[in-house]
Each structure stands twice: as structure tokens, then as C-alpha cells.
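K.L.:
A single structure is presented below for examination.
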Amino acid sequence: MLINNLVKNQTFHFEIKDVLTQFVAAFDDIIIKRYDKNRVPQNRVQVRYVYAPKQRVIFDLVNKAQNLTVPVVAVSINSVARDETRVFNKLAGFYVSRGISENDTKLLSQFYRTPVPVNIQINMSILTKFQTDIDQIISNFVPYSNPYIIISWKVPPEIMGTAVAQEIRSEVLWDGGITLSYPTDIAANEKYRISADTAFTIKGWLFPYVQNPAGNIYQVQSNFYTSRNITTYNELSGDTGVYPLSTGLITETESFTLSSTPLLTGVDYIDIEYL
């Protein structure tokens, strides 16, 4: 039964893709300069960013049929794991008021289940031909990652619907280390390349299934009290056909019913003549 529900309530909102896109956007504007012997810049080179493991990028560089040149930065996901340090309560979720249209935000309420905090580990590999190139790339992101940077994204619109968009700010933690590798034994026809490997952790969220919105439940801040406004049967004339016996209109009656909402707490019997 549980497996059945999980399959029926399967959800996918591109959370991992969105945070990875934001991550790459924070780094992919790196431009390095080529200097002469007097340290005067001669030209500028845009660093290419690709989503692929380092091994795949190296294969494409070796394969001359592929149009891929250095400098290049390869980014790939290494792992996704639940972050227990951010599971700080056991709340099932929360309610957000929403409507059936953008101009109507108070007719319905949506119950949002608590999202799962996840740590997305990112591998970053830098491949260059010159040491100066790799030094410049490192200098472009290390000073700004001390100790982390913040990326901003939204709760998936499929979750929020017509409710006001909610911003999420996720930390991107740099692991603080860069491992450089130099080729020591290469063939004569192979090109010399330097690689540097580092890693980041993105603190993201995965959102569970959201049920259809339900009507709001309103709490009325008011008290109701019973009122003894009916003092004689005269006030009921025309509605019940019951009159005081003294009027002579009705000489006798066996019973009558008096009801009200809220319930009356007492009724005074006035002008009743017992036969």
C-alpha cells in the first residue's frame, strides 16, 4: 500500500537542475588573460564550462574529432545525501493561503509537506595548458568562497501555484582544497595539460508531493448569548396562532412548540388561565 502511494504521488520539480544551473552561473563568467614576458596582457580568453565528468572531458580532448579546447572547467554531481543537521524539527508541514487565480489568494489553502534537506556534492575539474591560466581561474573563485557563497532560487512554481513565490537561499560550501596534477609520462603526440580538482557542496532541498488545495477554515472571533426578548404570547400572534386566553380569540390549547437558535434558556408563561 505504501509503495502504491509513493508511485501515485511521484513528484519532480527540477530542484537539482535549478541549483546546479545557479552554481554554474556563479562561476562561468571567468575570463583569463595571456601575458608576455613583461606581464603585459596580450589577449583575453573566455573559460568554457561543461557539464561532464573529468574523464569524459579528457577523452574528448584526446579525440581530435571533438571540438573542445582548453582552458575548460568540467562540473559534475558526485553525490546527493540527506543533511541531518538541517532536520531541526518533526513538523509535518505548513499551510499557505492561495486562490484559484492570481487575483484571488484567500479562497483556498495549500498544505506543503516539509521538504527534505539534501547536500549536493559537486566535483569541479579545471584543465589548462599553462600554469598561469590555472592560477587565474583559481584566483577568480577562491577569494569569494571563503567560507561559502549564496545562490538564490525559488520554491518550484509547480508547488506554489498561484501563491506568492518564496525565495530559497542555499549555501555553496567550498571544501577548501585544490589538487593539481601534472603529466609525467606522455607520448610525443600528446599535448601537455595541467588539471586541478576541487569540490563544492550545495545545501539544497527536495520537495515532496503536494495535495490539491482545500477550502479555508475560518475562525469567527465572536460570542453568541441567548436573549429573553419574548415576554408574552402576544408577540407570537400572527405566527403561531396562539393568543392569551384573556383575549377570547382562542379559549384553549393543549400544547405549542417554541424553538430558537441559539437555544433559549428559559420561557416565562404569562397570562395563562388554567381551566
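K.L.:
Expressed in nm to one decimal, what extension gain is obtained for the pair Ile77 and Val164 from 0.36 nm per residue of sequence separation less their Cα-Cα distance?
P.N.:
Full extension of this stretch gives 28.2 nm more.
K.L.:
In addition: Among 115-123, 52-60, 85-93, 32-40, how do they line up by average Cβ neighbours within 10 Å per residue, starting with the highest?
P.N.:
115-123, 52-60, 32-40, 85-93
K.L.:
What distance in nm separates the two pseudo spin-label positions at Thr69 and Tyr35, each 7 Å out from Cα along the beta-carbon direction?
P.N.:
2.2
K.L.:
Next question. Within region 130-198, list the trypsin sites (Lys or Arg not before Pro) lying in a DSSP loop whose Cβ has at most 12 other Cβ atoms in a 10 Å radius.
P.N.:
The qualifying sites are Lys191.
K.L.:
Quickly work out the Asn43-to-Thr132 label distance, labels modelled 7 Å from Cα along the C-beta direction, and quote it in nm with one decimal.
P.N.:
Here the answer is 1.3 nm between the modelled labels.
K.L.:
If R₀ is 30 angstrom, what is the calculated FRET efficiency for the pair Ala214 and Thr85, using the beta carbon separation as r and rounding to 0.05?
P.N.:
Computed FRET efficiency for Ala214 and Thr85: 0.35.
K.L.:
Suppose R0 equals 35 Å. What FRET efficiency, 1/(1 + (r/R0)^6) with r the Cβ-Cβ distance, do Lys17 and Ala187 give to the nearest 0.05?
P.N.:
0.35
K.L.:
Whole-Hz ³J(HN,Hα) for each residue in region 45-53, computed from phi via Karplus 6.51 cos²θ - 1.76 cosθ + 1.60 with θ = phi - 60°, x for glycine and proline: what do you get?
P.N.:
Listing the rounded values in order: 10, 7, 7, 8, 10, 10, 9, 5, x Hz.
The numbers here are math on the coordinates, done by the rules we state, and not lab data. On a predicted model such as this, the values are computed, not experimentally measured, just so you know. We place every Cβ from the backbone using ideal geometry, glycine too, and count neighbours over all the protein chains shown.
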